[in-house]
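First up is the structure itself, then whatever we jot down about it.
The values are calculated or read from the model by the stated rules, or taken from the named source; none is laboratory data. These figures come from a predicted structure and were not determined experimentally. Virtual Cβ from ideal backbone geometry, glycine too; neighbours counted across all protein chains shown. Ligands, DNA and RNA are stripped out before the accessible areas are found, and what is left, the full protein with its side chains, is counted by its heavy atoms. Shrake-Rupley method; radii C 1.70, N 1.55, O 1.52, S 1.80 Å.
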Amino acid sequence: MRQLQIRVPQGCGQQVVKIAQDYDASNLIQFEAKDPADPVDVVFLHVSNRRVEGLLEALESIENLAVTLIPRGVMPLHPPIAGAPDQVTEVQPLSPIEIFLGGLQSVGSWRGFLGYAALAGVVVWIGLFTNSNFLLIAAMMIAPFAGPAMNVALATARGDKNLLKRSLLRYFSALAVLIAVTACLSLIMQQDMTTPFMVENSQISSVAILLPLAAGASGALNLAQSERSSLVAGASVGMLVAASLAPPAGIIGMSIPLGRWDMIVNGLFLLVLQLFGINVSAAIMFRVFGVRARGARYDRGTRKLFPISLGLTTVGLVALLMLQFSDAPNFQRPSRAQRINADIKEVVANSNLAEFVEGNVRFAQPNISDQNTLLVVVYVQSQEGVDLSTEEIRRRLTQAIQAHILQEDFNVTPLVSVTVLETPDFLENSR
């Protein structure tokens, strides 16, 4: 429920009350008051979230209408007394006008906005440079990407060209600041090689699209939900959006001084994929919650802009996905590594030479041109009853694993190391 304070010229209070009753408003209060100029009627009322925008639209015909919308959930209790539990448990999503205004209010001043972007860049750089997971999480908490991301999606859903331009400007300004800060820190600290965290976070999984889709949908859902209908904090959702954008932007900045164009390309690909994915899912979610081109206290939207913006974003997203799955394994390295590891386990099992213990498969840094170097380290234990030597088992398994990887056409150069582990003597004697 929302509380509204409505001020109208004297004599129009009853009209407000009558319209409010048509929208099932409760606990109405009407009284006469005097503003600095003329006498007025003031009406206090409580109305369900989903009916706020309809009520405001119905009141627009009253001249000199002034509305104060209290952006907090209230619990208006009214007769019958026995109905109190039902009155407070009916929690509804926010009205479209509140979703829209809430998104606009989430963005602060330029100075604070860019300040947070710069500080996030510092923390991202430290996290990537020192291989610290908790620092990356801290950077995601202060990176100010959630506000402009949701406003771009709101502008798409509303068809608002002005808001779209302003939000995109903020979006790319924050990303540019973060990239510039990380690049400058790498130059100042004379960083001369990539870190394991940079390599790990620059690699693109085949399921990378799922993170921005989830981030965009959760951000929109958070703006649309009433504050008492969810235990998920807005800061947590904002961190999820930042998780999609802060690490790729930091990797781009740190890779520029190093001249690592492969990582810059991967970072840009990830960044654009996240931007498109967040916008598609968030804009659709806002439309589901009733955000349209026109509404109460808002007539700036263009109806045709929504399908155009969403269509262009979707086409861009599909094009990126086609590029990702056509350029294997460059944009699918973690996924390919997992699949190859599963295949290796099967190769070892079918060999009847040893038992699979553990496998570690990863792509090496592309130091050798035109070669996708795959490092494979496999630990096995010889099977009971196999009379071959440890060296012969290692040789046969190495050949079998390399042959399988090459046969499957993974487009990699496999460098395989097989270690045959020995069973302790006291266990052999106890069998």
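Listed by first and then second residue, the pairs linking a residue in region 253-267 that is acidic (Asp, Glu) to a residue that is open to solvent by 20 Å² or more (accessible area, probe 1.4 Å) and outside any helix (DSSP H, G or I), with Cβ atoms under 9 Å apart and 6 or more places separating them unless they lie on different chains, are 262/330; 262/365; 262/366.
Applying the criterion of being within 27 Å of residue 263 (Cα to Cα) and in contact (Cβ under 8 Å) with a residue 60 or more places away in the chain to the residues of region 153-172, the residue that is least open to solvent (accessible area, probe 1.4 Å) is 171. Scanning region 301-310 for residues that are open to solvent by less than 80 Å² (accessible area, probe 1.4 Å) and touching a residue at least 60 places away in the same chain (Cβ under 8 Å) yields a count of 6. Determine if region 116-123 includes at least one residue that is modelled with pLDDT under 85, more than 19 Å from the chain's Cα centre (by Cα) and part of a helix (DSSP H, G or I). Within region 116-123, none of the residues are modelled with pLDDT under 85, more than 19 Å from the chain's Cα centre (by Cα) and part of a helix (DSSP H, G or I). A Cβ distance below 8 Å, combined with a sequence gap of six or more or placement on separate chains, defines the contacts here; from region 350-361, residues that are free of Cβ contacts under 8 Å to residues at least 60 places away in the same chain and of a type outside the set (D, E, K, R) reach residues that are open to solvent by 100 Å² or more (accessible area, probe 1.4 Å) and not in a strand (DSSP E or B) in the pairs 351/396; 353/396; 356/345; 359/345; 361/338. Evaluate the following for residue 328: is it of a type in the set (Gly, Ala, Ser), touching a strand residue (DSSP E or B) at 6+ places or on another chain (Cβ under 7 Å) and surrounded by 13 or more Cβ atoms within 10 Å (Cβ to Cβ)? The answer is no for residue 328.
Listed by first and then second residue, the pairs with beta-carbon distance under 7 Å, at least 6 apart or on different chains, first residue in region 311-322 and open to solvent by 30 Å² or more (accessible area, probe 1.4 Å), second of a type in the set (A, V, I, L, M, F, W, C) and assigned to a helix (DSSP H, G or I), are 314/280. Take the residues in region 166-196 that are of a type in the set (S, T, N, Q) and over 30 Å from residue 287 (Cβ atoms); name whichever of them is nearest to the chain's Cα centre (by Cα). Applying the filter and picking the extreme gives 182.
Note on region 185-224: among residues that are without any contact (Cβ under 8 Å) to a residue 24 or more places away in the chain and within 21 Å of residue 130 (Cα to Cα), the one that is most open to solvent (accessible area, probe 1.4 Å) is 190.
Taken together, 250, 238, 234 contain a single residue that is at pLDDT 85 or above and under 27 Å from residue 154 (Cβ atoms), which is 250. Summed over region 132-165, the residues that are in a helix (DSSP H, G or I) and closer than 20 Å to residue 280 by Cβ give a count of 17. Pairs linking a residue in region 325-338 that is without any contact (Cβ under 8 Å) to a residue 60 or more places away in the chain to a residue that is open to solvent by less than 40 Å² (accessible area, probe 1.4 Å) and outside any helix (DSSP H, G or I), with Cβ atoms under 6 Å and 6 or more positions apart or on different chains, are 337/361.
Please determine whether any residue of region 9-19 is closer than 17 Å to residue 95 by Cα and within 43 Å of the chain's Cα centre (by Cα). No, the conditions are met nowhere in region 9-19.
For region 257-294, the candidate set comprises residues that are over 21 Å from the mean Cα position of the chain (by Cα) and under 16 Å from residue 224 (Cα atoms); within that set, the residue that is least open to solvent (accessible area, probe 1.4 Å) is 290. Scan region 331-379 for residues that are under 29 Å from the mean Cα position of the chain (by Cα), part of a strand (DSSP E or B) and of a type in the set (D, E, K, R) and the total you get is 1.
Mind checking whether some residue in region 195-208 is among the hydroxyl-bearing types (Ser, Thr, Tyr), more than 23 Å from residue 255 (Cα to Cα) and part of a helix (DSSP H, G or I)? No, every residue in region 195-208 fails to be among the hydroxyl-bearing types (Ser, Thr, Tyr), more than 23 Å from residue 255 (Cα to Cα) and part of a helix (DSSP H, G or I).
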